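Working notes, beginning with the structure itself.
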Amino acid sequence: MSRPTPPTLAGWGLLERPGVECRSEDLAALTRGAVLTRGLGRSYGDSSLPPPGTLDVAGSVLADRVLAFNPETGVLRAEAGFSLNSLNRLFLHRGFFSPVTPGTSFVTLGGAVASDVHGKNHHRDGCFGEHVRALKLRVADGQIVECSPTVEPELFRATLGGMGLTGHVLEVEFQLARVPSPWIVYESERVPDVDAYVDALKAAAADWPMTVGWIDCLSRGKNLGRGILIKGRWAEAHEAPPEPPRTGPKLAIPFLFPSWALNPLSIRAFNFLYYWKHWQRRRAGLMTPDAFFYPLDGILHWNRIYGRRGFTQYQCVLPDAAGRGAARRFMDKLTALGGASFLCVIKDCGPEGTGLLSFPLKGISIAVDMALTDRTQGIVDALNAFVIAEGGRIYLSKDAFTRPEDFRRMEPRLDAFLAVRRKWDPERRIRSAQSVRLLGDGT
Amino acid sequence: MKAVVLGGTKGMGRALSRALAADGHDVWLLGRNAEDLARSVEDLKARSPSVKVGAAPCDLESPASFGPALDAADAGLGGFDTVAVTAALFGTQDQLEADAALLQRLLTVDFAHTVLFCEAVRTRLLSRGGGRLVVFSSVAGERGRKPVVLYGAAKAGLTAYCEGLDHRYRAAGLVTVCVKPGFVKTGMTAGLKAPPFAGEPEQVAVDVLRAMKRGAPVVYTPAPWALVMAIIRMLPRFVMRRVGF
Ligand SMILES: Cc1cc2nc3c(=O)[nH]c(=O)nc-3n(C[C@H](O)[C@H](O)[C@H](O)COP(=O)(O)OP(=O)(O)OC[C@H]3O[C@@H](n4cnc5c(N)ncnc54)[C@H](O)[C@@H]3O)c2cc1C
Ligand SMILES: NC(=O)c1ccc[n+]([C@@H]2O[C@H](COP(=O)([O-])OP(=O)(O)OC[C@H]3O[C@@H](n4cnc5c(N)ncnc54)[C@H](OP(=O)(O)O)[C@@H]3O)[C@@H](O)[C@H]2O)c1
């Protein structure tokens with residue numbers, strides 16, 4: 001007879017660790033003594049997974065109440081498990097949208113704070129944390145503390161982008177963005193190569209509050225990094241159709257794909273089709289916010305196409321100081337390493353924000369998805385060496401492979417963060433699989 | 001509708017209250033924790049600013065609280081026409097077998113006191129020409145099954161009560177809707193391993209709201225459970241004795 005397998009938990013990359021998510025509407029009670037809190041598990045790596053030796057993680061998703069909303073000011077306070085999906089569904093038709101949103105709406109407020117998420121408007125509006133007015137945290141010694149840019153400001157700063165390590169976020173108060181209509185005006189263009197792509201991305205920043213793009217990282221030579229740049233802004237009331245955008249039915253990937261389904265050939269075919277689907281050089285028109293912000297949310301569980309072994313996303317930011325060719329050098333490196341990717345997304349980043357470990361800095365962010373193989377660790381190590389040399393850093397919400405010494409090399413702000421953590425949690429009671437791996441926390 | 005929800009602070013009751021308010025109905029929450037009720041009222045107000053929302057204390061463990069709670073709901077809503085009861089206690093078979101005090105509480109809350117509460121509602125609604133009573137029972141009350149002997153017995157009693165009530169009073173205007181959820185991912189089932197067809201509270205709320213409008217006497221929700229239970233109802237006794245569910 002086979003022994004029962006221990007329960008496991010995984011992030012979006014499907015990398016599994018022994019773990020159990022405990023859920024309750026009463027997040028305050030649930031987090032008492034908890035080692036970590038997770039939200040919707042949309043971080044790819046091991047940041048939402050328990051440290052080795054511990055099974056239970058608090059799950060916030062049932063704590064999803066709006067606690068206050070002021071329609072005059074657009075300030076909203078809600079429990080940490082409230083999702084951006086609910087936020088947009090409830091408030092878009094009333095003229096409000098999340099001030100910053102990642103590429104999926106299935107994230108909680110707690111997750112948005114802990115990752116200090118960025119969106120297509122980073123060059124204009126910064127990270128999510130720039131719009132947060134106050135946080136209620138359960139800190140390691142069991143106390144409940146309210147912090148803000150003026151009350152316990154160091155705790156506040158360390159919590160933005162602090163991957164849940166400074167305390168359990170119970171409530172978030174933040175400023176919604178007022179939007180003139182529930183529609184997006186977009187313009188997209190085909191760009192022949194990666195240098196032209198980066199130039200076009202930077203040039204678009206002045207006129208467009210939101211930009212994003214996809215590039216093909218499999219084609220070589222002169223086609224290297226050909227891509228599609230998409231620019232958007234909220235439609236003014238007079239430009240928008242009279243009817244509200246409709247949300248279509250969602251498709252779901254019902255089971256794990258066999259691991260051979262994604263191979264360099266099928267990825268190449270996907271990239272080819274995706275590029276040439278955009279056969280006009282330039283397109284423009286109206287789009288629903290769902291199609292614009294969350295193209296992948298239409299397919300639930302799309303991560304299952306990677307099969308049982310799962311995948312990782314490598315996301316780094318390269319500073320402007322690294323020069324115009326930095327993205328091409330990254331692509332060359334990736335091609336040389338043989339890291340085939342389905343999606344390679346390059347985004348524009350504005351200046352570094354308030355969060356002590358917040359990811360973006362002035363430059364560009366590059367993200368590539370990679371199916372896990374025996375070579376993944378080596379590829380990540382090599383890319384990290386490149387990123388360190390260019391003066392960049394990686395995004396902890398996506399990471400599962402970076403080595404602690406590399407993280408330290410790319411993160412001069414780490415000591416400031418650790419000092420705050422030492423003050424509020426000297427015994428490092430709150431920890432995760434990621435903090436054990438990267439910060440040397442005990443198990 | 002002007003709906004009262006006992007148990008609306010959590011789980012399926014929370015989802016149902018939100019669905020009712022979003023659909024334009026006034027909602028009055030009943031529950032045992034005042035502070036928690038206040039937070040849920042704020043939630044409903046922020047989500048659906050145009051409907052009337054309020055709350056009053058009511059504890060299924062204390063029947064003395066039922067009358068004042070219904071008075072408060074009547075006053076707050078200007079006379080309610082619909083009452084949903086989602087509140088209940090759960091315990092696994094192992095817990096209930098091991099703890100007689102817990103068992104007594106569960107049998108009392110989930111059956112006796114729930115019926116007393118429904119009776120208080122019945123007299124009120126009938127005195128003004130009828131209305132809707134929506135009672136959350138469970139698929140656990142459908143057959144005697146090994147993993148839910150005790151909880152299932154309480155729910156079986158509740159199901160029988162709902163059926164009888166509906167037969168007796170529908171003609172007089174009181175429509176009774178018996179909701180039989182399958183496995184739904186709420187705090188109640190948080191520690192348990194989810195079977196196939198496990199549902200979300202939001203799905204349940206959509207199904208229940210539709211059934212309330214149609215006046216359906218019985219709702220299996222989420223929908224696949226209707227088929228699952230149709231099969232389980234037909235299984236001969238000797239098969240039920242062997243299987244583990
Ligand atoms: C398709 C897709 C696209 C994405 N696009 C972007 C993007 O464009 N920009 C971007 O910035 N990110 C992006 N992400 C990443 C995602 O936004 C972050 O990982 C986010 O943190 C996920 O939120 P979550 O609620 O799922 O949190 P989880 O993944 O569950 O947790 C993430 C981290 O937050 C911590 N945490 C969660 N809740 C709490 C709480 N209540 N208290 C304390 N700590 C908590 C966890 O401990 C963990 O460290 C994307 C992810 C996906 C799957
Ligand atoms: N979840 C399932 O899989 C499932 C399956 C079949 C049937 N059901 C039935 O469906 C109904 C709803 O279940 P759920 O999963 O949504 O439950 P839940 O999440 O546990 O919520 C139960 C609600 O009942 C309230 N409550 C409990 N005891 C109470 C009391 N003595 N007085 C007043 N209120 C009380 C709770 O309020 P507090 O905040 O005060 O605790 C809470 O709001 C229940 O009748 C349950 O038996 C559930």
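The values are calculated or read from the model by the stated rules, or taken from the named source; none is laboratory data. Quick caveat: nothing in here was measured; it's all calculated off a predicted structure. Here Cβ is always computed from backbone atoms with ideal geometry, including for glycine, and neighbour counts include all displayed protein chains.
Yes/no per residue for (1) at pLDDT 95 or above; (2) under 30 Å from A:Ser86 (Cβ atoms); (3) more than 16 Å from ligand 1 (Cβ to nearest atom); (4) among the hydroxyl-bearing types (Ser, Thr, Tyr):
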{"site": "B:Lys10", "(1), (2), (3), (4)": "yes, yes, yes, no"}
{"site": "B:Asp36", "(1), (2), (3), (4)": "yes, yes, yes, no"}
{"site": "B:Asp43", "(1), (2), (3), (4)": "yes, yes, yes, no"}
{"site": "B:Val51", "(1), (2), (3), (4)": "yes, yes, yes, no"}
{"site": "B:Gly79", "(1), (2), (3), (4)": "yes, no, yes, no"}
{"site": "B:Thr86", "(1), (2), (3), (4)": "yes, yes, yes, yes"}
{"site": "B:Gly91", "(1), (2), (3), (4)": "yes, no, yes, no"}
{"site": "B:Phe111", "(1), (2), (3), (4)": "yes, no, yes, no"}
Check: Under the condition of being among the small types (Gly, Ala, Ser) and farther than 30 Å from A:Leu396 by Cβ, which residue from the stretch A:158-198 is surrounded by the most Cβ atoms within 10 Å (Cβ to Cβ)?
Finding: A:Ser188
Check: Looking at (1) buried (at least 24 other Cβ atoms within 10 Å of the Cβ); (2) within 12 Å of chain B (Cβ to nearest Cβ), which is the only condition A:Val57 fails?
Finding: (2)
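May I ask you to list the residues in the stretch A:38-63 that are under 20 Å from the mean Cα position of the chain (by Cα) and within 16 Å of ligand 2 (Cβ to nearest atom)?
Going through the stretch A:38-63, the residues under 20 Å from the mean Cα position of the chain (by Cα) turn out to be A:38-50, A:59-61.
Within the stretch A:38-63, A:Gly59, A:Ser60, A:Val61 qualify.
Where residues in the stretch A:412-433 are in a loop (DSSP other than H, G, I, E, B) and within 16 Å of ligand 1 (Cβ to nearest atom), which of them is nearest to A:Leu30 (Cα to Cα)?
Here is the first cut: in the stretch A:412-433, the residues in a loop (DSSP other than H, G, I, E, B) are A:412-413, A:425-432.
Going one step further and asking which of them are within 16 Å of ligand 1 (Cβ to nearest atom), we end up with A:425, A:428-432.
Working: A:Asp425: 18, A:Arg428: 19, A:Arg429: 15, A:Ile430: 14, A:Arg431: 16, A:Ser432: 17 Å.
Step by step, filter the stretch A:412-433, then rank; the result is A:Ile430.
Taking the conditions exactly as written (more than 30 Å from A:Thr8 (Cα to Cα), in contact (Cβ under 8 Å) with a residue 40 or more places away in the chain and assigned by TED's automatic domain parsing to the domain that holds A:Asp348), does A:Pro258 satisfy them or not?
Numbers: more than 30 Å from A:Thr8 (Cα to Cα): no; in contact (Cβ under 8 Å) with a residue 40 or more places away in the chain: yes; assigned by TED's automatic domain parsing to the domain that holds A:Asp348: yes.
No; evaluated as a whole, the condition is false for this residue.
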Next item on the list: Filter the stretch A:253-283 down to residues that are surrounded by 12 or more Cβ atoms within 10 Å (Cβ to Cβ) and farther than 29 Å from A:Val191 by Cα, then give me how many there are.
Entry: 4
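When you check A:Ser43 against the structure, is it modelled with pLDDT of 95 or more and either more than 11 Å from chain B (Cβ to nearest Cβ) or buried (at least 22 other Cβ atoms within 10 Å of the Cβ) (or both), yes or no? Walk me through it before giving the result.
On the way: modelled with pLDDT of 95 or more: yes; either more than 11 Å from chain B (Cβ to nearest Cβ) or buried (at least 22 other Cβ atoms within 10 Å of the Cβ) (or both): yes.
Yes: the conditions hold for A:Ser43.
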Notebook entry, point to check: Looking only at residues in the stretch B:123-154 that are under 26 Å from B:Asp81 (Cβ atoms) and near ligand 2 (Cβ under 10 Å from one of its atoms), which one is farthest from the chain's Cα centre (by Cα)?
Noted result: B:Ser138
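Please verify whether A:Ala321 is in the same structural domain as A:Ile364 (by TED's automatic domain parsing), within 15 Å of A:Val387 (Cα to Cα), of a type in the set (A, V, I, L, M, F, W, C) and surrounded by fewer than 17 Cβ atoms within 10 Å (Cβ to Cβ), treating the condition exactly as stated. I'd like the intermediate steps shown before the answer.
On the way: in the same structural domain as A:Ile364 (by TED's automatic domain parsing): yes; within 15 Å of A:Val387 (Cα to Cα): yes; of a type in the set (A, V, I, L, M, F, W, C): yes; surrounded by fewer than 17 Cβ atoms within 10 Å (Cβ to Cβ): yes.
When the stated conditions are applied, A:Ala321 passes them.
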Checklist line | Selection from the stretch A:287-323 of residues that are under 21 Å from A:Asp46 (Cα atoms), outside any strand (DSSP E or B) and in contact with a Leu (Cβ under 8 Å, 6 or more places away or on another chain) | finding: A:Trp302, A:Asn303, A:Arg304, A:Ile305, A:Tyr306, A:Gly307, A:Arg308, A:Arg309, A:Gly310
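Return a yes/no flag: does the stretch A:39-47 have any residue that is out of contact with any strand residue (DSSP E or B) (no Cβ under 8 Å at 6 or more places or on another chain) and within 21 Å of A:Asn121 (Cα to Cα).
The first filter runs over the stretch A:39-47 and keeps only residues out of contact with any strand residue (DSSP E or B) (no Cβ under 8 Å at 6 or more places or on another chain), leaving A:42-43, A:47.
Narrowing the set further to residues that are within 21 Å of A:Asn121 (Cα to Cα) leaves A:42-43.
Yes, the stretch A:39-47 contains a residue that is out of contact with any strand residue (DSSP E or B) (no Cβ under 8 Å at 6 or more places or on another chain) and within 21 Å of A:Asn121 (Cα to Cα).
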Note to self: Of the conditions (1) free of Cβ contacts under 8 Å to residues at least 24 places away in the same chain; (2) in contact with a helix residue (DSSP H, G or I) (Cβ under 8 Å, 6 or more places away or on another chain), B:Ala38 satisfies every one except a single condition; which number is it?
What the structure shows: (2)
Next item on the list: Taking the residues in the stretch B:76-92 that are more than 20 Å from B:Leu174 (Cα to Cα) and in contact with a Gly (Cβ under 9 Å, 6 or more places away or on another chain) as candidates, determine which candidate is farthest from ligand 2 (Cβ to nearest atom).
Entry: B:Gly76
Check: Hey, among B:Gly191, B:Gly152, B:Gly173, B:Gly144, which residue is away from ligand 1 (no atom under 16 Å from the Cβ), of a type outside the set (A, V, I, L, M, F, W, C) and crowded, with 17+ Cβ neighbours inside 10 Å?
Finding: B:Gly152
Note to self: I'm checking my understanding of the structure. Among residues of the stretch A:64-105 that are within 8 Å of ligand 1 (Cβ to nearest atom) and within 13 Å of chain B (Cβ to nearest Cβ), which one is farthest from A:Pro245 (Cα to Cα)?
What the structure shows: A:Gly81
Note to self: Just the residues that are out of contact with any Ser or Thr (no Cβ under 9 Å at 6 or more places or on another chain), modelled with pLDDT of 95 or more and assigned to a loop (DSSP other than H, G, I, E, B), please, taken from the stretch A:1-32.
What the structure shows: A:Ser24, A:Asp26, A:Arg32
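Please go through the stretch A:4-37 and give me each residue that is closer than 20 Å to B:Lys10 by Cα and within 14 Å of chain B (Cβ to nearest Cβ), ordered by number. Walk me through it before giving the result.
Residues of the stretch A:4-37 that are closer than 20 Å to B:Lys10 by Cα, as a first pass: A:21-32, A:37.
Across the stretch A:4-37, the qualifying residues are A:Glu21, A:Cys22, A:Arg23, A:Ser24, A:Glu25, A:Asp26, A:Leu27, A:Ala28, A:Ala29, A:Leu30.
Is it the case, given these coordinates, that A:Ala284 is among the aliphatic types (A, V, I, L, M) and part of a helix (DSSP H, G or I)? I'd like the intermediate steps shown before the answer.
On the way: among the aliphatic types (A, V, I, L, M): yes; part of a helix (DSSP H, G or I): no.
So A:Ala284 fails the test.
Taking the stretch A:34-49, which residues are within 6 Å of ligand 1 (Cβ to nearest atom) and assigned to a loop (DSSP other than H, G, I, E, B)?
From the stretch A:34-49, those within 6 Å of ligand 1 (Cβ to nearest atom) are A:36-43, A:47-48; that's our starting set.
Within the stretch A:34-49, A:Leu36, A:Gly39, A:Leu40, A:Gly41, A:Arg42, A:Ser43, A:Ser47, A:Ser48 meet the criteria.
Do we have B:Lys52 as free of Cβ contacts under 8 Å to residues at least 24 places away in the same chain and either crowded, with 18+ Cβ neighbours inside 10 Å or among the charged types (D, E, K, R) (or both) here?
Values: free of Cβ contacts under 8 Å to residues at least 24 places away in the same chain: no; either crowded, with 18+ Cβ neighbours inside 10 Å or among the charged types (D, E, K, R) (or both): yes.
The answer is no for B:Lys52.
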Margin query: With the structure loaded, tell me whether A:Thr354 is within 16 Å of ligand 1 (Cβ to nearest atom), part of a loop (DSSP other than H, G, I, E, B), outside the structural domain of A:Val132 (by TED's automatic domain parsing) and farther than 23 Å from A:Thr54 by Cβ or whether it fails that test.
Written below: yes
